[in-house]
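The values are calculated or read from the model by the stated rules, or taken from the named source; none is laboratory data. The structure presented is a predicted model; accordingly, all values stated were derived computationally and were not measured. Every residue, glycine as well, gets a Cβ built from its backbone with ideal geometry; the counts of neighbours run over all protein chains shown.
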Amino acid sequence: MRCRLFIVLLLSNCAISQTPDSTPVDGRISGTVVSEDGKPVPGATVYVSEQASSLVDANSVVARTDFGGRFDFGRRLKHGVYEIYSRKEKDGYPDPTSKFYQPLNFSPVQLQEKAAILAGKVFDANTGQPLKAGVGFTNLRTEAGHFVLADGKFRALIPADTDVYVMVQEVGRDHADWPLFTTKVTLKPGQKMDIEVPLSKTATPSDTPE
């Protein structure tokens, strides 16, 4: 099932205005975050940013939904035009500010489709011992990337219905002696895949018995 989160808005005091006014700061935005099937989403993070500013701007205002999926920013917004975003990574809805997750038809008023989950174990193929590794992901549609560190294990949200290139590299002092592991995955919204990443150290002259 393709899942999306939607934001149902209640606006007052011209919180979203066609004529931005830098003086009044009593605008209010409130509403409810719901899933595609209309169920309220508790614990989601909702934030608004003036349309002319960056989403990661320090002036972005943040709220969280209650048990009924409701949020309210209060009467503290400057009158203007805003973009509204929401996220809940625990349930598979990733950060909409990251181009790695954004589809080509991304809309800031609703979250994109639910992401997929890729989890894995990274270990020495010869000893079975867990390894520390860097895990890189590339969205082959947008060429945007994402990176996580694995301490024997990793878990990451990846965009769904998109080819994602995965690269795993051991990160110890002798990382150059460990070949790069690569694979490509394409998962459905909400789908979880577990993979095993066995890495084998390349023999060096000092490792070779005389």
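Could you tell me whether region 45-52 includes any residue that is in a loop (DSSP other than H, G, I, E, B), under 17 Å from Asp91 (Cβ atoms) and at pLDDT 75 or above? Taking every residue of region 45-52 in turn, none turns out to be in a loop (DSSP other than H, G, I, E, B), under 17 Å from Asp91 (Cβ atoms) and at pLDDT 75 or above. Report yes if Asn13 is on the phi > 0 side of the Ramachandran plot, modelled with pLDDT under 65 and either among the polar types (S, T, N, Q) or crowded, with 17+ Cβ neighbours inside 10 Å (or both), otherwise no. In short, yes. Just one residue in the set Ala156, Ala133 is modelled with pLDDT of 90 or more, touching a helix residue (DSSP H, G or I) at 6+ places or on another chain (Cβ under 9 Å), closer than 17 Å to Asp194 by Cα and surrounded by 14 or more Cβ atoms within 10 Å (Cβ to Cβ); that residue is Ala133. Only one of Phe147, Phe123 is of a type outside the set (Asp, Glu) and under 16 Å from Trp178 (Cβ atoms); which? Within the list Phe147, Phe123, the selection yields Phe123. Here Thr182 fulfils each of the conditions (1) surrounded by 15 or more Cβ atoms within 10 Å (Cβ to Cβ); (2) closer than 15 Å to Val197 by Cα; (3) free of Cβ contacts under 8 Å to residues at least 40 places away in the same chain apart from (1). Please find, within region 153-199, the residue that is farthest from Phe137 (Cα to Cα) out of those that are assigned to a loop (DSSP other than H, G, I, E, B) and either of a type in the set (Val, Ile, Thr) or not assigned by TED's automatic domain parsing to the domain that holds Ala133 (or both). Ranking the qualifying residues of region 153-199, first place goes to Val171.
Among the residues in region 30-38, are any modelled with pLDDT of 70 or more, assigned by TED's automatic domain parsing to the domain that holds Arg87 and within 17 Å of Leu77 (Cβ to Cβ)? Scanning region 30-38 turns up at least one residue that is modelled with pLDDT of 70 or more, assigned by TED's automatic domain parsing to the domain that holds Arg87 and within 17 Å of Leu77 (Cβ to Cβ).
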